[in-house]
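*Asks:* The structure follows.
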Amino acid sequence: MADPSSYRPKPGQIPDSPGVYRFRDDHRRVIYVGKAKSLRPRLSSYFQDLANLHPRTRTMVTTAASVEWTVVSTEVEALQLEYSWIKEYDPRFNVKYRDDKSYPYLAVTLNEEFPRVQVMRGAKKKGVRYFGPYGHAWAIRETVDLMLRVFPVRTCSAGVFKNAERTGRPCLLGYIGKCSAPCVGRVTPDEHRELAEEFCDFMAGRTGAYIRRLERRMTDAAEEMEYERAGRLRDDIGALRRAMEKSAVVLADATDADLIAVAEDELEAAVQIFHVRGGRVRGQRGWVTDKVEEVDTAGLVEDALQQLYGEESGDSVPKEVLVPALPEDQVATDALSQWLSERRGSQVSLRVPQRGDKKDLMATVGRNAQQSLVLHKTKRASDLTTRSRALEEIAQALGLDSVPLRIECFDISHLQGDDVVASMVVFEDGLARKSEYRRFQIKGFEGQDDVRSMHEVIGRRFKRYLAEKERTGEWTEENEGSTAPGENGENGENGENGENADDAADDTTGQIPAAPGENGHADHLGPSSLKEDDGRPKRFAYPPQLVVVDGGQPQVAAAKRAMDELGIDDVAVCGLAKRLEEVWLPDDDDPVVLPRSSEGLYLLQRVRDEAHRFAITYQRAKRAKRIRSSPLDDVPGLGETRKQALIKHFGSVKKLRQATIEQICEVPGLGRKTAESVAVALAGTAPAAPAVNTATGEIMEDNGGSTHD
């Protein structure tokens with residue numbers, strides 16, 4: 001634990017101007033990003049008596065080992081730079097709104113030739129129009145089902161669409177009138193796009209004019225005694241009205257606005273957002289966050305605005321944003337309004353409602369935020385107090401000098417000795433940090449030996465750590481007696497996203513660090529240069545305070561031996577055995593038995609179970625890939641497209657194996673060199689034994705076809 005006075009800037013060194021500052025830990029990782037209209041008083045506030053600091057702020061400043069800053073010209077630039085750095089570095093102590101789920105949106109893919117209406121989650125894509133978010137996916141499907149009667153837009157997947165084009169027959173929705181069937185040419189691409197745009201206009205709130213137009217057409221049809229057409233229009237109007245009734249009218253003036261409310265206590269805060277479009281509540285979402293420092297409601301609102309609109313643009317940012325509080329400084333409020341207006345491309349009104357329907361609706365949003373905070377407090381794993389108690393219990397039970405803020409857990413997985421893999425999961429402050437998960441292939445030997453596998457994995461993990469220390473200049477002479485980092489060519493460690501650690505970028509995001517001076521901010525640096533280290537999480541660069549292995553005394557001894565061989569003596573090791581949930585320590589003949597009601601044991605179990613889940617998922621994926629493997633996979637320079645072209649041309653791998661090089665060259669896109677590689681690869685693999693259909697007695701071809709004896 002660092003003493004903040006050891007890295008406190010000298011008097012007069014901090015400029016008295018707007019800027020953004022970053023705290024780094026002793027491994028140069030950015031752990032906190034903040035902004036200030038005046039850097040000098042803001043940074044000085046962190047270096048007062050620790051007893052006067054907020055508990056989370058106290059933990060942050062004692063974890064940090066240095067502070068640096070960048071001076072900017074205006075508060076708008078500070079706001080933009082702070083947001084971009086938070087997204088880039090993912091600092092562990094910054095306010096993070098933990099959404100309890102991925103909210104579904106109603107999406108219209110206007111970037112396709114034939115736009116499709118569907119449910120979408122996750123990151124937004126360019127050229128797609130989004131409506132929502134909704135609380136449940138079934139609510140979207142009910143709304144779409146009603147509206148397809150009036151706006152028969154395509155809803156099928158690309159595969160279904162192409163199959164209908166090939167066969168000339170539409171799907172069921174095309175037969176019952178809930179799809180205009182552009183796949184078989186019933187409407188032109190322009191006519192279908194017009195339908196999709198009308199659908200979007202209706203969902204955007206422009207409902208009154210369209211319903212009045214349908215009513216006029218219904219009246220005209222009745223006067224012309226076309227009663228069947230009038231009846232269909234009547235039913236269409238009824239369907240649209242039922243769809244509109246699903247979102248209650250809350251503001252009579254067809255307002256487009258987002259209402260944001262906050263409920264908070266000393267340690268945590270909950271944020272609720274109501275999305276109102278055309279006077280109707282079109283969506284609702286909520287987040288919960290830990291308070292990092294003594295921040296008021298206006299500060300929480302500012303963080304919420306950054307995370308809500310930081311990736312949005314255009315109509316996704318509404319004309320009006322209603323909040324419970326604004327910064328007392330009018331300059332800061334104007335900076336927020338200007339930033340939102342730049343995101344939208346036109347003026348955005350940011351204000352606190354004072355009277356009328358908007359104030360009443362804000363009270364409703366506030367009640368939802370309060371209920372959300374109460375519900376969150378009952379969730380054991382997300383309660384900051386519970387997590388802190390769990391870490392303290394672990395430290396006390398294992399005899400650690402301080403609480404293990406970073407815990408890494410390792411597990412071995414295989415199927416009867418085949419496809420042996422290992423996983424590494426990371427928990428920081430009692431919460432999973434999935435971006436730093438890693439997975440390993442066991443390479444040192446073949447067969448089933450969990451103890452030997454654990455020794456190999458722990459050794460490879462900490463060799464990577466020592467290699468990072470050497471690269472950054474932290475390698476010292478006393479380390480020279482240990483095994484040199486990076487031996488055994490330990491490629492194959494992968495993150496949760498499946499990328500190869502040796503081939504990917506040096507950080508977990510794969511991004512290239514932005515050069516100083518980008519994003520429009522001034523390039524005035526503090527006592528530490530930005531060019532020394534980009535501060536983002538590195539692969540294997542940060543040692544844990546505690547290593548947990550899934551297993552008992554043998555696995556713990558293997559892990560400890562691997563660390564001793566590398567000279568790692570400042571990381572604690574323990575094992576959690578599944579049978580009796582006993583905690584084993586190195587060189588102890590008796591396990592540590594934690595009470596069944598212990599929060600510490602509960603946290604260790606969650607860490608162990610997550611490592612097991614991650615390992616077995618990887619092992620199953622490897623086994624499935626091995627089963628699906630083809631002799632063509634090993635041909636250099638032969639991608640998936642040309643493999644499919646070969647199989648399509650010859651019909652099966654069996655027939656391809658019998659083809660000459662000249663015949664292979666006839667496949668479009670294949671040159672002679674590649675054809676020779678294909679022939680050599682297939683000649684070196686023995687053909688598989690023919691499969692027999694037990695029902696018919698037929699011999700099955702490689703491509704799944706059959707031939708009679």
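*Asks:* Residues Glu77, Glu112, Glu82: which one is modelled with pLDDT of 80 or more and surrounded by 20 or more Cβ atoms within 10 Å (Cβ to Cβ)?
*Replies:* Of the residues listed, the single one that is modelled with pLDDT of 80 or more and surrounded by 20 or more Cβ atoms within 10 Å (Cβ to Cβ) is Glu82.
*Asks:* Which residues, taken from segment 30-70, are more than 30 Å from Pro404 (Cβ to Cβ) and either open to solvent by 20 Å² or more (accessible area, probe 1.4 Å) or of a type in the set (D, E, K, R) (or both)?
*Replies:* Lys35, Lys37, Ser38, Arg40, Pro41, Arg42, Ser44
*Asks:* Just need a number here: residues in segment 651-665 that are farther than 12 Å from Leu682 by Cβ and surrounded by 11 or more Cβ atoms within 10 Å (Cβ to Cβ).
*Replies:* Here the count works out to 3.
*Asks:* Considering only residues of segment 532-578 that are among the basic types (Lys, Arg) and at pLDDT below 85, which is farthest from Leu405 (Cα to Cα)?
*Replies:* Among those that are among the basic types (Lys, Arg) and at pLDDT below 85, it is Lys578.
*Asks:* Got a number for residues in segment 17-59 being farther than 28 Å from Val331 by Cα, in a helix (DSSP H, G or I) and modelled with pLDDT of 85 or more?
*Replies:* Summing the residues that are farther than 28 Å from Val331 by Cα, in a helix (DSSP H, G or I) and modelled with pLDDT of 85 or more in segment 17-59 gives 0.
*Asks:* Where residues in segment 609-650 are modelled with pLDDT under 75 and among the hydroxyl-bearing types (Ser, Thr, Tyr), which of them is most open to solvent (accessible area, probe 1.4 Å)?
*Replies:* If we take residues in segment 609-650 being modelled with pLDDT under 75 and among the hydroxyl-bearing types (Ser, Thr, Tyr), then Ser629 is most open to solvent (accessible area, probe 1.4 Å).
*Asks:* Tell me the residue from Arg154, Arg121 that is touching a His at 6+ places or on another chain (Cβ under 8 Å) and either over 21 Å from Ser313 (Cα atoms) or not hydroxyl-bearing (Ser, Thr, Tyr) (or both), please.
*Replies:* Testing whether each residue is touching a His at 6+ places or on another chain (Cβ under 8 Å) and either over 21 Å from Ser313 (Cα atoms) or not hydroxyl-bearing (Ser, Thr, Tyr) (or both) leaves just Arg154.
*Asks:* Same structure, new question: Anything in segment 248-274 that is open to solvent by less than 10 Å² (accessible area, probe 1.4 Å), assigned to a strand (DSSP E or B) and either closer than 19 Å to Val352 by Cα or modelled with pLDDT of 80 or more (or both)? List them, or say none.
*Replies:* Ala257, Asp258, Leu259, Ile260, Ala261, Ala263, Ala269, Ala270, Val271, Ile273
*Asks:* Could you check how many residues of segment 336-368 are basic (Lys, Arg) and under 28 Å from Asp265 (Cβ atoms)?
*Replies:* Adding up the residues that qualify gives 4.
*Asks:* What pairs come out if I take residues in segment 5-26 that are farther than 11 Å from Ser66 by Cβ and pair them with residues that are open to solvent by 80 Å² or more (accessible area, probe 1.4 Å) whose C-beta lies under 6 Å away, six or more apart or interchain?
*Replies:* Taking only residues 6 or more apart or on different chains, the pairs are Ile14/Arg40; Asp16/Arg40; Pro18/Lys37.
*Asks:* Name the pairs: first residue in segment 406-419 and under 16 Å from Leu601 (Cα atoms), second residue of a type in the set (Gly, Ala, Ser) and open to solvent by less than 10 Å² (accessible area, probe 1.4 Å), Cβ to Cβ under 8 Å, at least 6 apart or on different chains?
*Replies:* Close Cβ pairs (under 8 Å, with a partner that is of a type in the set (Gly, Ala, Ser) and open to solvent by less than 10 Å² (accessible area, probe 1.4 Å)) amount to Cys409/Ala611.
Yes or no, residue by residue, for (1) at pLDDT 85 or above; (2) over 39 Å from the mean Cα position of the chain (by Cα):
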| site | (1), (2) |
| --- | --- |
| Arg186 | yes, yes |
| Glu198 | no, no |
| Phe202 | no, no |
| Arg206 | no, no |
| Arg216 | no, yes |
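*Asks:* Ok, one more. So which residues in segment 285-297 are modelled with pLDDT of 75 or more and not charged (D, E, K, R)?
*Replies:* Gly286, Trp287, Val288, Thr289, Val295, Thr297 - these are the residues of segment 285-297 that are modelled with pLDDT of 75 or more and not charged (D, E, K, R).
*Asks:* Tell me which residues, restricted to segment 303-329, are part of a helix (DSSP H, G or I) and either free of Cβ contacts under 8 Å to residues at least 60 places away in the same chain or in contact with a helix residue (DSSP H, G or I) (Cβ under 6 Å, 6 or more places away or on another chain) (or both).
*Replies:* Leu305, Gln306, Leu308, Tyr309, Gly314
*Asks:* Now for a different question. Residue by residue through segment 348-358, note down the ones that are at pLDDT 85 or above and either among the small types (Gly, Ala, Ser) or open to solvent by 50 Å² or more (accessible area, probe 1.4 Å) (or both).
*Replies:* Passing the criteria: Ser349, Arg351, Gln354.
*Asks:* Continuing with the same structure: Of the residues in segment 139-182, how many are surrounded by fewer than 14 Cβ atoms within 10 Å (Cβ to Cβ) and among the small types (Gly, Ala, Ser)?
*Replies:* The qualifying residues number 5.
The values are calculated or read from the model by the stated rules, or taken from the named source; none is laboratory data. These numbers were taken from a predicted model, which means no experiment stands behind them. With ideal geometry, Cβ positions are generated from the backbone for all residues, glycine too; neighbour counts draw on all protein chains shown. Side chains are part of the model used for accessible areas, which takes the heavy atoms of the whole protein and leaves out ligands, DNA and RNA. Shrake-Rupley method; radii C 1.70, N 1.55, O 1.52, S 1.80 Å.
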